[in-house]
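See below for the structure under consideration.
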Amino acid sequence: MPTVTESSQFSMPMDTDVYRGIYEDPDELRMQTLKIKRDQLLLSETELGSGNFGTVKKGIFKTTKSEKKVAVKILKNDSNDPTVQEELMSEARVMQQLDNPYIVRMIGICEAESWILVMELAELGPLHKFLAKNRDVSEKNVTELVHQVSMGMKYLEENNFVHRDLAARNVLLVTQHYAKISDFGLSKAIQSNENYYKAKSCGKWPIKWYAPECINFLKFSSKSDVWSFGVLMWEAYSYGQKPYKGMKGMEVTAMIENGKRMECPPRCPSELFELMQLCWTYNTEERPAFSSVELRLRNYYYDIAQ
Ligand code: AMP
């Protein structure tokens, strides 16, 4: 009888079912298709989260040989809004092209009572909430998770994708030692003749995570994701505090333009606050790329891990 395998809260990435991927069996790989049949899915009532698109629930995905726990993003039934539907399809198209251990994998799409996006399950949920609830997690553990996010982002940078919504709320934990980047709703592939994506207009944007060139010129690149990564680091070492607490978006923009930045969170090592500040370099060209951010985090992490 196929079983759903368990991994503990403390498992390392390679010890989890999720790391090995959903189609590790060659027979399954042959059958791999983006379209999932409704009878392959069992949806539970457990709600993992929600947004204006609908809800995210826990489910079970059945293949010929196994059953896996999954997360399913269900488009609201009453959503006749074509932009919401298009956003979900665009998210699915981006996710389909990504394959990295530190990025939530899409398993497929199911067209049933409504559109259902089926993804790997990251059971411990968003990073900021986890750290706010578990303040005993060590700084070294936080560095391990932040480094994993930088590896996922380096992969996106190498493959010319911009995330555009990188924040602690969009980093999900499989275990306390395994983080994955999620929510590709705003993500874009960058054309090979450009190194940035130009938005047509401002939308409902996470201003506090956005680099100056996003706000001033609607220009998004891996370098603007690096800026967001700096804010994500700040959130992580603050154990889930809100960045620029109590400030309005316009006040944050004015603060950045005046050359001011957030202060070092009490539990953040000074070397990593320096890196955070580098991520907040005003000038896009002078800001480091993920290739160098990841290297700095790797060196720091393996130094303290001795
Ligand atoms: P999203 O719109 O993708 O940010 O999803 C909304 C919320 O659903 C997230 O903040 C998570 O709490 C939850 N969620 C989304 N995807 C997953 C997943 N793959 N595994 C576990 N929870 C998820």
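Coordinate-derived values only; no laboratory data. Given the structure is predicted, the values throughout are model-derived calculations rather than measurements. Note: ideal-geometry Cβ built from the backbone for every residue, glycine included; neighbour counts use all protein chains shown.
Just a yes or no: is a residue in segment 190-206 in contact (Cβ under 8 Å) with a residue 40 or more places away in the chain and either outside any loop (DSSP other than H, G, I, E, B) or within 18 Å of ARG267 (Cβ to Cβ) (or both)? Even if it seems obvious, please write down each step before you answer.
First, pick out the residues of segment 190-206 that are in contact (Cβ under 8 Å) with a residue 40 or more places away in the chain: 206.
So of that shortlist, the ones also either outside any loop (DSSP other than H, G, I, E, B) or within 18 Å of ARG267 (Cβ to Cβ) (or both) come out as none.
Taking every residue of segment 190-206 in turn, none turns out to be in contact (Cβ under 8 Å) with a residue 40 or more places away in the chain and either outside any loop (DSSP other than H, G, I, E, B) or within 18 Å of ARG267 (Cβ to Cβ) (or both).
For segment 132-161, how many residues are surrounded by 15 or more Cβ atoms within 10 Å (Cβ to Cβ) and basic (Lys, Arg)?
Residues flagged as surrounded by 15 or more Cβ atoms within 10 Å (Cβ to Cβ) and basic (Lys, Arg) within segment 132-161 amount to 1.
Considering LYS208, LYS180, which residue is of a type outside the set (S, T, N, Q) and within 16 Å of the ligand (Cβ to nearest atom)?
Values: LYS208 fails: within 16 Å of the ligand (Cβ to nearest atom).
Just a single option satisfies the conditions, and that option is LYS180.
If HIS128 meets every condition in (1) more than 25 Å from VAL226 (Cβ to Cβ); (2) within 16 Å of the ligand (Cβ to nearest atom); (3) in contact with a Phe, Trp or Tyr (Cβ under 9 Å, 6 or more places away or on another chain); (4) not small (Gly, Ala, Ser) apart from one, which number is that one?
Checking HIS128 against (1) more than 25 Å from VAL226 (Cβ to Cβ); (2) within 16 Å of the ligand (Cβ to nearest atom); (3) in contact with a Phe, Trp or Tyr (Cβ under 9 Å, 6 or more places away or on another chain); (4) not small (Gly, Ala, Ser), the one that fails is (1).
Give segment 244-299 a look and list any residue that's buried (at least 17 other Cβ atoms within 10 Å of the Cβ) and touching a His at 6+ places or on another chain (Cβ under 9 Å), or say none.
Correct list: GLU294, LEU297.
Give me a count of the residues in segment 98-125 that are among the acidic types (Asp, Glu) and within 10 Å of the ligand (Cβ to nearest atom). Quick ask: steps written out before the conclusion?
First pass over segment 98-125, keeping only residues among the acidic types (Asp, Glu): 99, 111, 113, 120, 123.
In the following step, the residues that additionally are within 10 Å of the ligand (Cβ to nearest atom) were identified as 120, 123.
Of the residues in segment 98-125, 2 are among the acidic types (Asp, Glu) and within 10 Å of the ligand (Cβ to nearest atom).
Any residue that is within 15 Å of the ligand (Cβ to nearest atom) and closer than 23 Å to PRO13 by Cβ - is there at least one of those in segment 45-53?
Scanning segment 45-53, I find at least one residue that is within 15 Å of the ligand (Cβ to nearest atom) and closer than 23 Å to PRO13 by Cβ, so the answer is yes.
Please go through segment 92-110 and give me each residue that is among the charged types (D, E, K, R) and either in contact with a helix residue (DSSP H, G or I) (Cβ under 8 Å, 6 or more places away or on another chain) or assigned to a strand (DSSP E or B) (or both), ordered by number.
Of all residues in segment 92-110, those among the charged types (D, E, K, R) come to 93, 99, 105.
Of everything in segment 92-110, just one residue is among the charged types (D, E, K, R) and either in contact with a helix residue (DSSP H, G or I) (Cβ under 8 Å, 6 or more places away or on another chain) or assigned to a strand (DSSP E or B) (or both), namely ARG105.
Counting just the residues of segment 54-91 that are part of a helix (DSSP H, G or I) and surrounded by fewer than 20 Cβ atoms within 10 Å (Cβ to Cβ), which one comes out nearest to the ligand (Cβ to nearest atom)?
First, pick out the residues of segment 54-91 that are part of a helix (DSSP H, G or I): 82-91.
Subsequent filtering for residues that are surrounded by fewer than 20 Cβ atoms within 10 Å (Cβ to Cβ) retains 82-87, 89-90.
On the way: PRO82: 18, THR83: 15, VAL84: 11, GLN85: 15, GLU86: 15, GLU87: 10, MET89: 14, SER90: 13 Å.
Filtering segment 54-91 for residues that are part of a helix (DSSP H, G or I) and surrounded by fewer than 20 Cβ atoms within 10 Å (Cβ to Cβ), the one nearest to the ligand (Cβ to nearest atom) comes out as GLU87.
Given the criterion away from the ligand (no atom under 14 Å from the Cβ), under 28 Å from TRP227 (Cβ atoms), touching a residue at least 24 places away in the same chain (Cβ under 8 Å) and among the aliphatic types (A, V, I, L, M), identify the matching residue among VAL162, VAL94. Show your work before the answer.
Details: VAL94 fails: away from the ligand (no atom under 14 Å from the Cβ).
Unique residue meeting the criteria: VAL162.
Name the residue, out of MET233, MET262, that is out of contact with any Ser or Thr (no Cβ under 6 Å at 6 or more places or on another chain), outside any strand (DSSP E or B) and in contact (Cβ under 8 Å) with a residue 60 or more places away in the chain. Even if it seems obvious, please write down each step before you answer.
Details: MET262 fails: in contact (Cβ under 8 Å) with a residue 60 or more places away in the chain.
Exactly one residue qualifies, and that residue is MET233.
How many residues are assigned to a loop (DSSP other than H, G, I, E, B) and out of contact with any helix residue (DSSP H, G or I) (no Cβ under 8 Å at 6 or more places or on another chain) if we restrict to segment 119-132?
If we filter segment 119-132 for residues that are assigned to a loop (DSSP other than H, G, I, E, B), which is where we start, we get 121-124.
If we keep only those that are out of contact with any helix residue (DSSP H, G or I) (no Cβ under 8 Å at 6 or more places or on another chain) as well, we get 123.
Looking only at that region, the number is 1.
Taking ARG135 as the residue in question, decide whether it is under 13 Å from the mean Cα position of the chain (by Cα) and either over 23 Å from GLY203 (Cα atoms) or not in a strand (DSSP E or B) (or both).
Details: under 13 Å from the mean Cα position of the chain (by Cα): no; either over 23 Å from GLY203 (Cα atoms) or not in a strand (DSSP E or B) (or both): yes.
So ARG135 fails the test.
Please go through segment 96-115 and give me each residue that is over 16 Å from VAL18 (Cβ atoms), surrounded by fewer than 23 Cβ atoms within 10 Å (Cβ to Cβ) and among the hydrophobic types (A, V, I, L, M, F, W, C), ordered by number.
ILE109, ALA112, TRP115, listed by residue number.
Restricting attention to segment 192-212, does a residue exist that is within 16 Å of LYS129 (Cβ to Cβ), out of contact with any Phe, Trp or Tyr (no Cβ under 9 Å at 6 or more places or on another chain) and charged (D, E, K, R)?
Pass one, segment 192-212, residues within 16 Å of LYS129 (Cβ to Cβ): none.
Among the residues of segment 192-212, not one is within 16 Å of LYS129 (Cβ to Cβ), out of contact with any Phe, Trp or Tyr (no Cβ under 9 Å at 6 or more places or on another chain) and charged (D, E, K, R), which makes the answer no.
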